[in-house]
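> Quick one: this structure, given as structure tokens, is what I'll be asking you about.
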Amino acid sequence: MNSLDTSLLPTRSRRRQFLRMLQNNPSIAIGGGLVLLVVLAAVLAPLLTHWDPIEQDLLNTLQAPSAAHWFGTDDYGRDIFARVIYGARITLFEVCLSVAISMVIGIPLGIISGLAGRKIDALIMWVMDIIFAFPGIVLAILIVSVLGEGLANMLIAISLFSIPVYARLSRNLTLGLKNIEYIEAAHMLGVRYPRIITHYILRNSIGPLIVQSTLTAGAVVLSAASLSFLGLGVQPPMPEWGTMMSDGRNFLGLNIYVSLFPGLAILITVLGFNVLGDGLRDVMDKRL
């Protein structure tokens, strides 16, 4: 065996061990499968149905599930199955953008708080505590009420109350990492803070941050659906799950499927992200 193959053995061994841990962890398999199901539905939506999620058919309103309409139709005759799978695109967009905004703002604030002096640390955490003191959905409703309804303002509101979660987590990780010997040695050798942050702190924090992002994703789905249900988020006729449930609540006695299937989609998505986050935490946390 040549030297190149020998050098690759440790990497292959770690990779094989990691894959074995994934196979032995049912939470990752179940949660990842549910999330993958939602992603595939969003990506393959045009191939899964030929119905337009917005097109109305007033002659076929509030129909029960059938061969033509798998999930039935709503009060405007729109195909519920098409609206659910196209709604997955909006939901995943909300999740990706909200989590990204929260991480881009919260993680740097947490790192600055952990590396700076006591005054800056106290100031940043004081602001985070004020935001964190409000229940997330209440704060989101307040922000959307001030800024106005719509997808953009809803994403701003959801991102804002998620920032303290990442700020606190990254601050705690930074405080624990900055006193480790190799980081202190790098600092004594003249390595500047930007390199220390990118090459040492962020690299060693990626695991907990990934776990937190999956858990935050579930909360984002619930918050976005709640705001849309109240009429403060995505507006009709866009096929958003919360909006669909709101539209269907007036017809529960005639056709429960209008609200049932969007509700099941929310349940599957939130459950998938939460179970996936628990599984990733078990794999990435060495103490477990």
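> Work out the length of the dipole vector of the chain about its Cα centre, built from +1 on the beta-carbon of each Lys and Arg and -1 on the beta-carbon of each Asp and Glu, and round it to the nearest 20 debye.
With only Lys, Arg, Asp and Glu charged at Cβ, the dipole is about 1520 debye.
> Between Asp282 and Asp52, what FRET efficiency comes out of the Förster formula 1/(1 + (r/R0)^6) with R0 = 41 Å and r the beta carbon distance, rounded to 0.05?
Efficiency, from the Cβ-Cβ distance: 0.45.
> Could you do me a favour and compute the accessible area per residue for the chain, 1.4 Å probe, result in Å²?
I get 54 Å² per residue for this part.
> Mark the label point 7 Å from the Cα of Ile180 along Cα→Cβ and return the residues of the stretch 207-226 whose backbone N is within less than 19 Å of it.
From the stretch 207-226, the list is 207-212.
> I've got another one for you. Using only alpha carbon pairs under 8 Å that are at least six residues apart, calculate the relative contact order of the chain and give it in whole percent.
Contact order relative to length: 25 percent.
> Springs between alpha-carbon pairs under 10 angstrom, Gaussian network model over the chain: which of Gly233, Gly117, Gly263 fluctuates most?
Answer for the Gaussian network model of the chain: Gly117.
> Here's a follow-up. In whole angstrom, note down how far apart the Cα centers of the stretch 25-39 and the stretch 132-150 are.
For the stretch 25-39 versus the stretch 132-150, the Cα centre distance is 31 Å.
> Sticking with this structure for a sec: With Cβ to Cβ distances under 14 Å as the rule, what net charge do the other residues near Arg203 carry (K, R +1; D, E -1)?
So the surrounding residues net to +2.
> In debye to the nearest 20, how big a dipole does the stretch 140-288 give about its Cα centre with +1 on each Lys and Arg Cβ and -1 on each Asp and Glu Cβ?
540 debye
> For the charge dipole of the chain, defined by +1 on Lys and Arg C-beta atoms and -1 on Asp and Glu C-beta atoms about the Cα centroid, which residue among Met188, Ile107, Leu267 has the Cα displaced farthest towards the positive pole?
The residue sitting farthest along the positive end of the dipole is Met188.
> Got the relative contact order for the stretch 176-285 handy, in percent, Cα pairs under 8 Å and 6 or more residues apart?
With pairs under 8 Å counted, the relative contact order is 25 percent.
> Continuing with the same structure: Near the amide H of Gly77, under 5 Å away, which other amide H atoms are found, from residues 5 or more places off or on another chain, if H is placed in the peptide plane?
Sorted by chain and number, the residues that satisfy this are Asp57, Leu62.
> Add -39500 (n - 2.57) for each DSSP H run of 4 or more in the chain, then divide by its residues: what number comes out at 222 nm, to the nearest 500 deg cm²/dmol?
So the calculated ellipticity at 222 nm is -24500 deg cm²/dmol.
> List the trypsin sites (Lys or Arg not before Pro) within the stretch 179-288 that DSSP assigns to loop and that have no more than 16 neighbouring Cβ atoms inside 10 Å.
Arg192, Lys286, Arg287
> Mind checking the dipole of the stretch 174-253: about its Cα centre, +1 per Lys or Arg Cβ, -1 per Asp or Glu Cβ, Debye to the nearest 20?
The dipole magnitude comes to about 240 debye.
> Of the accessible area of the chain, with the probe set at 1.4 angstrom, what percent is carbon plus sulfur?
67 percent
> A follow-up question, please. With point charges of +1 on the Cβ of Lys and Arg and -1 on the Cβ of Asp and Glu, referenced to the Cα centre of the chain, which listed residue (Met238, Asn60, Asn172) lies farthest in the positive direction of the dipole?
So the residue furthest toward the plus end is Asn172.
> Additional query: Please arrange Trp126, Trp241, Trp51 by accessible surface area, largest first, computed with a 1.4 Å probe and ligands excluded.
Result of the area sort, largest leading: Trp126, Trp51, Trp241.
The values are calculated or read from the model by the stated rules, or taken from the named source; none is laboratory data. Note that this is a predicted model, so its numbers are computed, not measured. Because the Cβ atoms are built from the backbone with ideal geometry, glycine has one as well, and the counts that use them run over all protein chains shown. Quick note on the areas: whole protein, heavy atoms, side chains included, nothing else; ligands and nucleic acids left out. Shrake-Rupley method; radii C 1.70, N 1.55, O 1.52, S 1.80 Å.
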